[in-house]
Amino acid sequence: MNVKTFFLTSFLLFNINFIISQNTYDIIFPGKETDQKCQECLKAFSQKPKEVKFSIIRENENLYFEVNDKNWFNLLFNNAGDGLAIEIVLKSRYACELESVAKTQLRGFLLKPVYSKELKQGLSSNAENRYRSYVGKVPKGFLNDELEYNIMFLGNKNLCRYYVIYDLESYSWDLLDMGMYLDNLTYDDKQIKSSADENYIIRNKTLKFKIPFERNKSNYSQADIKPIYDSLRLTDYNIKGINIKVYSSIEGVASRNVELQELRAKSIVAALQSFQKPTIKTVVSSSENWVDFLNDIKSTKYRTLLILNKKQIKERIAGELSREMEPIFKNHRKAIVELELEKKDKYKVESVIGLLNKFSDAINTESVKEANELQNSIFERIRMKEASPDVLQQMSIPKKVKFANLLSKNSAYKYMLDFRQGLIVYDELLELEKMIPNDEGIKYNLMAIKLKLWRYNAINVDETSLNKQINALKNYGIESDLISRMLTNLHIIKAEKLMQKRDYTNKDIAVEYVNNNYKNFTLSNYDYLSLAQFFSFYSNNKLAVNLLENKVRTLDIDEDLLFYYLNLTLIDKQLTQDFNYRIVMLNASNMNKERFCKLFNSVENGGITFQLLEDDYLRKTYCESCNN
């Protein structure tokens, strides 16, 4: 889903020579008299709810003004001289070959204004809560160029507002993950970019640690790794996956640094693999450590390097200065290693049919512990797509108290595989609750599913009663942070429902509750992005920025969170001029150069806007990283 957000640009000084060079029709440029001559237009914008969105939509060569609130449209275009004009801007204006970008109020080719009568006559509904009116045509000579469309809002033919449209990328987002109780609380394995592959895992542990490297050293032996391996005490666990981010210090030739990074990653994997037979799946990424370098020189005598670009810094520190700065560089050579561990499965080689038979035997002999182990092994086969979810229906479990935990796990796992089974599973758990009324896992799972069902209007819920039921979970030993996470989800759902009712005041209260309470529990990367999406979706970009700003300044920031932060902040000149923002941008460029450069494409080509390059600082960074 793409969510478009719109920001009013600051007015630049009027350049009369530029204006004379093209036809401005009957538009009046009021200059210092804007407030006086644009009173009604300015009033309409001051009364615009932040939920009201508008944009320019292109279909072939035709351009349309689109808005999601007809009442505000009529308020804005009330008088005969009220209207708008479209300015077509070409990306070639910002070519890196040009020494600078001309600072003019108008940036491109101006189309003939369209006024109130014509706009209203042409207004039509093209979707639910979407209205559009034709406003012009792209000249044939521009059809093959990369273009963007700025909006000039006119009040009595006076230029009152000049808008540049920014496209804020968005992903599908969900409630904060509440997990489900199986043997213990089990969380979702959703990846930020993976909306089509939303698996669940029985995740036992994920551990993260850092490994420093000496200068020019790439090999790690078993002896180097063994203390780390021993500290993990992996008697009952195997390492299932390794995610390694390898960093070199920034001095030296880039190609040699890349070579060292790759060798270091391979040596770590080989050393860890030597301790176990199952093959370890590995993901490796690498980059030069500009983040730590720029952070560490801020308060030293080397801080004058901060004003230089990367190439200039590398040239400056070559030779003697590089040796002098070794006490700084030695801390920048490292690998951040994240291990995903899985519990060892004694039934690993058993077939699915064999597991089902053994499970049936364990049930018949009432060997509950063995049945539980077999059930977990069957779950793993389903997760790995070695068995169909239909296998769950073949696990016959008597409805007896001694088997209640097995029944509960089967129901919960069925829901985890497909939340569309939520209503069926909810009814199954209600029956189990009658059998064992004080079981904390069943109580928790019921509340988690109930929230999801309420969100999608599958059941009717009394909010006050639901709030009390969630708080009552503490009586069954549920930790306070899990309860707080559920209550936060309750208010996320409230905000959605209040938005649908256009009850903006109470929606804002619900959003504020979410903002005040997410700090009470630990967030996963997916949670961070979901919350940021939630805040930006409800036109609270500042809250989304505040949520992410500390996290994005860390070296091992998740890539998608980092780029989402850039999407939120690249249009904020106060932030982009700040020294710390350069660290964020270089981090993004090193992490994924292609993705970083794409941010500066046109809206139609997947970028935020190429008009970000009006900012000299951003253009300099873009040309440094993306010009080739």
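The values are calculated or read from the model by the stated rules, or taken from the named source; none is laboratory data. Worth saying up front: this structure is predicted, and the values here are computed from it rather than measured. Note: ideal-geometry Cβ built from the backbone for every residue, glycine included; neighbour counts use all protein chains shown.
Here is the figure for region 582-595: residues that are over 18 Å from the mean Cα position of the chain (by Cα) and closer than 19 Å to Asp616 by Cα total 3. Of all residues in region 295-305, those that are surrounded by 13 or more Cβ atoms within 10 Å (Cβ to Cβ) and at pLDDT below 90 total 1.
The rows are residues; the columns are (1) assigned to a helix (DSSP H, G or I); (2) free of Cβ contacts under 8 Å to residues at least 40 places away in the same chain.
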position: Val283; (1), (2): no, no
position: Asn295; (1), (2): yes, no
position: Glu338; (1), (2): no, no
position: Gly354; (1), (2): yes, yes
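Selection of first residues in region 468-484 that are of a type outside the set (S, T, N, Q) and outside any helix (DSSP H, G or I) and of second residues that are modelled with pLDDT of 95 or more and loosely packed, with under 12 Cβ neighbours inside 10 Å, restricted to Cβ pairs under 6 Å at least 6 apart or on distinct chains, gives an empty result.
Scanning region 579-610 for residues that are of a type in the set (Asp, Glu) and either modelled with pLDDT of 90 or more or in contact with a Cys (Cβ under 7 Å, 6 or more places away or on another chain) (or both) yields one hit, Glu594.
The residues in region 86-112 that are within 30 Å of Arg619 (Cβ to Cβ) and in a loop (DSSP other than H, G, I, E, B) can be counted, and the count is 15. Output yes when any residue across region 120-128 is in contact (Cβ under 8 Å) with a residue 40 or more places away in the chain, over 23 Å from Glu40 (Cβ atoms) and not in a strand (DSSP E or B), and no when none is. No, because not a single residue in region 120-128 is in contact (Cβ under 8 Å) with a residue 40 or more places away in the chain, over 23 Å from Glu40 (Cβ atoms) and not in a strand (DSSP E or B).
Quick grid of which residues meet (1) in contact (Cβ under 8 Å) with a residue 40 or more places away in the chain; (2) under 21 Å from Glu288 (Cβ atoms); (3) in a helix (DSSP H, G or I); (4) not assigned by TED's automatic domain parsing to the domain that holds Val246:
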{"site": "Ala544", "(1), (2), (3), (4)": "no, no, yes, yes"}
{"site": "Asn580", "(1), (2), (3), (4)": "no, yes, yes, yes"}
{"site": "Ile583", "(1), (2), (3), (4)": "yes, yes, yes, yes"}
{"site": "Phe596", "(1), (2), (3), (4)": "no, yes, yes, yes"}
{"site": "Glu604", "(1), (2), (3), (4)": "yes, no, yes, yes"}
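Does region 588-596 contain at least one residue that is of a type outside the set (Ser, Thr, Tyr), surrounded by 21 or more Cβ atoms within 10 Å (Cβ to Cβ), under 18 Å from Glu559 (Cα atoms) and out of contact with any strand residue (DSSP E or B) (no Cβ under 7 Å at 6 or more places or on another chain)? Checked against the condition, which is being of a type outside the set (Ser, Thr, Tyr), surrounded by 21 or more Cβ atoms within 10 Å (Cβ to Cβ), under 18 Å from Glu559 (Cα atoms) and out of contact with any strand residue (DSSP E or B) (no Cβ under 7 Å at 6 or more places or on another chain), region 588-596 yields at least one hit. The condition (being surrounded by 14 or more Cβ atoms within 10 Å (Cβ to Cβ), outside any helix (DSSP H, G or I) and touching a residue at least 12 places away in the same chain (Cβ under 8 Å)) is satisfied by just one residue among Leu523, Leu498, Leu529: Leu523.
For region 106-137, residues that are of a type in the set (S, T, N, Q), modelled with pLDDT under 95 and either closer than 13 Å to Tyr64 by Cα or over 34 Å from the mean Cα position of the chain (by Cα) (or both) total 3.
Remark: Leu566 falls outside the filter, which requires a residue to be of a type outside the set (Val, Ile, Thr), in contact with a Lys or Arg (Cβ under 6 Å, 6 or more places away or on another chain), outside the structural domain of Ser255 (by TED's automatic domain parsing) and buried (at least 19 other Cβ atoms within 10 Å of the Cβ). The residue that is surrounded by the fewest Cβ atoms within 10 Å (Cβ to Cβ), among those in region 23-66 that are under 28 Å from Val138 (Cα atoms) and among the charged types (D, E, K, R), is Glu59. Out of the residues in region 546-562 that are touching a helix residue (DSSP H, G or I) at 6+ places or on another chain (Cβ under 6 Å) and part of a helix (DSSP H, G or I), which is nearest to Ser285 (Cα to Cα)? That would be Glu559. The criterion of at least 3 residues that are in contact with a Cys (Cβ under 7 Å, 6 or more places away or on another chain) is met by none of the helices (runs of 4 or more DSSP H) falling completely within region 368-458.
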